[in-house]
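*Asks:* Dropping a structure here in structure tokens format, bear with me for questions.
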Amino acid sequence: MNARIFAALLFSALTTLAADTRHIHVALYDDQGSAGKGVPCVCTELGKCDGMEVTKVSAEQIRNGVLDKFDIVAFTGGSASLQAKTLGEQGRANVKKFIEKGGGYMGICAGAYLACNGFDWAVGVLDAKTVSPKWQRGMGMVQIELTGEGQKLLSQTGKHFEVKYENGPIITHNNGVLPPFKTLAVFRTEKAEHGSPVGVMVNSPAIVTSTCGKGRVVVISPHPEQSQGAESMIPAAIKLLVNKEQRLVTPRNS
């Protein structure tokens, strides 16, 4: 083997090693509008993976540009409108700019509402709106089914999961300003309380992914992070958001 070929192979190996050991930095919103077990559960699941570093961030930090230090921003359950209000106009603009420049966005329940461009108060990184203004559908366990692509992209061998649901958004495509989302999972059962329309939740998207500018978005209506057997969808979603040149991380041995 001549010196030039050896040098090329060595460079390739070192580049691969550097990519393998690169950390994925996740900013997890932890401020007004985030409630319940979402933040601690996401911290727990991402903490099981080598190569992921999770930092809780406030609305003020987001307004001051902290997302420039991260690869992914994540918003969990609670109140989307309060999250949006707490972020303020500058904070919401910074989140959207972060995604457009190549960052990733994961939104669960309230964080899913926050992503939709069908609300003038939201961040607007997903071309989606709710099928009805009556969002208070109820709480409890529901069934979801992953699509074939959803199984692959979310690293799941099974298709059917029972997951916790707490008034997450039932979405459809909006105005086409952003690329259309791709459905990774659909609801197979529903909640339809408080006068919300019956029948619209079954077969509607439960988990979707799309792009916004150079960035990627994953929106999850229910709560796999709080559902036994579905928790691994959360680190898988983070991996999906990572830029192509970044290597995926692997779970630590339990």
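*Asks:* What ranking of Val198, Val125 emerges when the number of other C-beta atoms within 10 Å of each C-beta is taken as an exposure proxy, fewest first? Please list the in-between numbers first.
*Replies:* On the way: Val198 11, Val125 29.
The order, fewest Cβ neighbours first, is Val198, Val125.
*Asks:* Rg/Rh for the range 131-221: what does it come to with C-alpha atoms and Rh from Kirkwood? Don't skip to the end; give the middle numbers.
*Replies:* Working: Rg = 13.4 Å, Rh = 13.8 Å.
Reported Rg/Rh (Cα atoms, Kirkwood Rh): 0.98.
*Asks:* State, in angstrom, two size descriptors of the range 81-124 derived from its alpha carbons: Rg to one decimal place and Dmax to the nearest whole number.
*Replies:* According to the Cα coordinates of the range 81-124, Rg and Dmax are 9.5, 26 Å.
*Asks:* Next question. Can you classify the range 75-196 as rounded, prolate or oblate using the Cα gyration tensor, where a ≥ b ≥ c are the square roots of its eigenvalues, rounded means a/c under 1.5, and otherwise it's prolate if a/b beats b/c and oblate if not? Mind showing how you got there, number by number?
*Replies:* Values: a/c = 1.84, a/b = 1.27, b/c = 1.45.
Verdict is oblate for the range 75-196.
*Asks:* Then there is this: Under a point-charge model restricted to the Cβ atoms of Lys and Arg (+1) and Asp and Glu (-1), what is the dipole moment magnitude of the range 67-223 relative to its Cα centre, in debye to the nearest 20? Walk me through the numbers before you get to the answer.
*Replies:* Numbers: 17 positive and 12 negative charges, 36 e Å.
With only Lys, Arg, Asp and Glu charged at Cβ, the dipole is about 180 debye.
*Asks:* What are the principal axis extents of the Cα atoms in the range 23-92, in Å, biggest first?
*Replies:* Principal axes ranked by extent give 35, 27, 11 Å for the Cα atoms.
*Asks:* Each residue of the range 131-143 in order: what ³J(HN,Hα) in whole Hz does its phi give by Karplus 6.51 cos²θ - 1.76 cosθ + 1.60, θ = phi - 60°, with x for Gly and Pro?
*Replies:* My calculation for the range 131-143 gives 6, 8, x, 7, 7, 7, 8, x, 10, x, 8, 9, 9 Hz in order.
*Asks:* Under a cut-off of 19 Å between alpha-carbon atoms, report the lysines in cross-link reach of Lys48, not counting same-chain residues fewer than 8 places apart.
*Replies:* The qualifying lysines are Lys37, Lys56, Lys239.
*Asks:* At a 10 Å Cβ-Cβ cut-off, how would you order Met139, Met106, fewest neighbours first?
*Replies:* Numbers: Met139 14, Met106 26.
Going from sparsest to densest Cβ surroundings: Met139, Met106.
*Asks:* Putting +1 on Lys and Arg Cβ atoms and -1 on Asp and Glu Cβ atoms, find which of Ser79, Tyr105, Leu67 reaches farthest to the positive end of the dipole of the range 50-134.
*Replies:* Ser79
*Asks:* Once the convex hull of the alpha carbons of the chain is built, what does its volume come to per residue, in cubic angstrom? Display every interim value, and only then the final one.
*Replies:* Values: hull volume 34.2 nm³, N = 254.
Cα-based convex hull of the chain, divided per residue, equals 135 Å³.
*Asks:* For the chain, what does the helix formula give at 222 nm: sum of -39500 (n - 2.57) over DSSP H segments with n ≥ 4, over the residue count, nearest 500 deg cm²/dmol? Display every interim value, and only then the final one.
*Replies:* Values: 7 runs with 75 residues, N = 254.
So the helix-based figure for the chain works out to -9000 deg cm²/dmol.
*Asks:* Further question on the same structure: Using only the Cα atoms of the range 47-124, build the gyration tensor, take square roots of its eigenvalues as a ≥ b ≥ c, and label the shape rounded, prolate or oblate: rounded if a/c is under 1.5, else prolate if a/b is larger than b/c, else oblate.
*Replies:* Values: a/c = 1.65, a/b = 1.36, b/c = 1.22.
Taking the square roots of the gyration eigenvalues as a ≥ b ≥ c, the range 47-124 is prolate.
Coordinate-derived values only; no laboratory data. Small disclaimer: the values here were computed from a predicted structure and weren't measured. A quick note on method: Cβ atoms are made from the backbone with ideal geometry, for glycine too, and the neighbour counts reach across all protein chains shown.
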